[in-house]
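The values are calculated or read from the model by the stated rules, or taken from the named source; none is laboratory data. Not measured: the values here are computed from a predicted model. Neighbour counts are summed over all protein chains in view; Cβ atoms, including those assigned to glycine, are modelled from backbone coordinates with ideal geometry.
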Amino acid sequence: MKLYPFADGHCDFLAFIQSRQFDIADPVPGQHIALPYLQQGNVKLQFFAMWPNMRLPQSAKEQCLSMAADYQAMLKKHPVFRPLETNFDPLGEEIATVLTIEGGEAIGEDLETLHQFYDLGVRALTVTWNYPNALAHPGTESDAGGLTAFGREAVREMNALGIAIDVSHLNDAGIEDLLRLSNQPIFASHSNARALRRHTRCLSDDHIREIAQMGGVIGVNFCGEHLTDQPSSCLEDVIAHLEHIMEVGGIRAACIGSDFDGIGACPEGLPNPSALQKIARALEQSGYSQEEIYRVTYGNLHDYILQFC
């Protein structure tokens, strides 16, 4: 049985190191991302998002600086993790990492802060979470406008620096603006297909197609509310969204963006990364070739983000 490498474009592990005592090597109950689970699932590339909790008294910037320090401490303590570089070999024992920010609140209205986070290793930024910020409006504000004047300025700066722009959580008008303004491919780290689940966190077929045409990728997330309108979700729902994205955007458009540690109930059969090979098995049963499965499980996301690393 072939063991496929996996790349995961989004998790919220870093947000809970301090508040819930998450430990990458020794998981606590309810923790999804952990070294033993990543190794069991053959995860070779993991994005680590810094999500600032706007209900906390600390500023978004302060929270992200603290999470960046926790991330660096994790890399130092566990050298099996290493930031993704061009010479990374997914056949080896190491796990490549990419540091990201989830929510433009972290940079406020200060492009120097964007530079500061770039210097700390941030290589992707999710423009919004569920609240409006100085850059744009979230999908929950579907009638609001697109990017703000500062948001457009930030896009130009991220293009110049080499920070990937993530449209997950962003409203349609903001995505439209990014498709016009960005001179680098944009991506959706953890979004699903609106044709299968009508939800503000899911992308229209037009946006899937346009993101794919400019060289971006769409990571299917495992949040049940974004997969189905049923009370619970399952592996088959994940496969359905992957297949729809491939049908609309092509084989090279689809990848995984689990949102592990950022969701409540996981799909049945996918409790944590240790079970990810089930996705490869299901794609095999659907008749996809080994090369096509490799593209979806690892190659697409790796090749996309490598241009920013």
Has the stretch 102-112 got any residue that is farther than 21 Å from Glu153 by Cα, in a loop (DSSP other than H, G, I, E, B) and in contact with a strand residue (DSSP E or B) (Cβ under 8 Å, 6 or more places away or on another chain)? no
Report yes if some residue within the stretch 35-42 is touching a Leu at 6+ places or on another chain (Cβ under 8 Å), among the hydroxyl-bearing types (Ser, Thr, Tyr), outside any strand (DSSP E or B) and touching a residue at least 24 places away in the same chain (Cβ under 8 Å); otherwise report no. no
Can you tell me which residues in the stretch 208-234 are closer than 23 Å to His302 by Cα and either in contact (Cβ under 8 Å) with a residue 40 or more places away in the chain or of a type in the set (Ser, Thr, Tyr) (or both)? Ile208, Arg209, Ile211, Ala212, Gly215, Gly216, Val217, Gly219, Asn221, Phe222, Cys223
Mind listing whichever residues of the stretch 287-309 are touching a strand residue (DSSP E or B) at 6+ places or on another chain (Cβ under 7 Å) and either aromatic (Phe, Trp, Tyr) or assigned to a loop (DSSP other than H, G, I, E, B) (or both)? Tyr298, Tyr304, Phe308, Cys309
Sort through Leu135, Leu99 and tell me the only one that's surrounded by 15 or more Cβ atoms within 10 Å (Cβ to Cβ), aliphatic (A, V, I, L, M), modelled with pLDDT of 95 or more and not in a loop (DSSP other than H, G, I, E, B). Leu99
Please determine, by comparing only the residues of the stretch 214-236 that are within 18 Å of the chain's Cα centre (by Cα) and not in a loop (DSSP other than H, G, I, E, B), which one is surrounded by the most Cβ atoms within 10 Å (Cβ to Cβ). Ile218
Among residues of the stretch 250-286, those that are outside any helix (DSSP H, G or I), under 19 Å from Asp237 (Cβ atoms) and either aromatic (Phe, Trp, Tyr) or modelled with pLDDT of 95 or more (or both), counted: 18
Specify which of the listed residues (Phe81, Phe88, Phe48) is within 15 Å of the chain's Cα centre (by Cα) and modelled with pLDDT of 95 or more. Phe48
For the list (1) touching a residue at least 60 places away in the same chain (Cβ under 8 Å); (2) within 18 Å of the chain's Cα centre (by Cα), I need the number of the one condition that Ala68 fails. (1)
Which one of Ala69, Ala49 is aliphatic (A, V, I, L, M), outside any helix (DSSP H, G or I) and on the phi < 0 side of the Ramachandran plot? Ala49
Here are Ile279, Ile256, Ile218, Ile211: which of them is touching a helix residue (DSSP H, G or I) at 6+ places or on another chain (Cβ under 8 Å), farther than 27 Å from Leu161 by Cβ and of a type in the set (Val, Ile, Thr)? Ile279
Within the stretch 185-213, take every residue that is under 17 Å from Gly139 (Cα atoms) and of a type in the set (Gly, Ala, Ser) and give me the one that is farthest from the chain's Cα centre (by Cα). Ala195
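Conditions (1) over 19 Å from Leu170 (Cα atoms); (2) in a helix (DSSP H, G or I), marked per residue:
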{"position": "Pro79", "(1), (2)": "yes, no"}
{"position": "His115", "(1), (2)": "yes, yes"}
{"position": "Trp129", "(1), (2)": "no, no"}
{"position": "Thr140", "(1), (2)": "no, no"}
{"position": "Asp143", "(1), (2)": "no, no"}
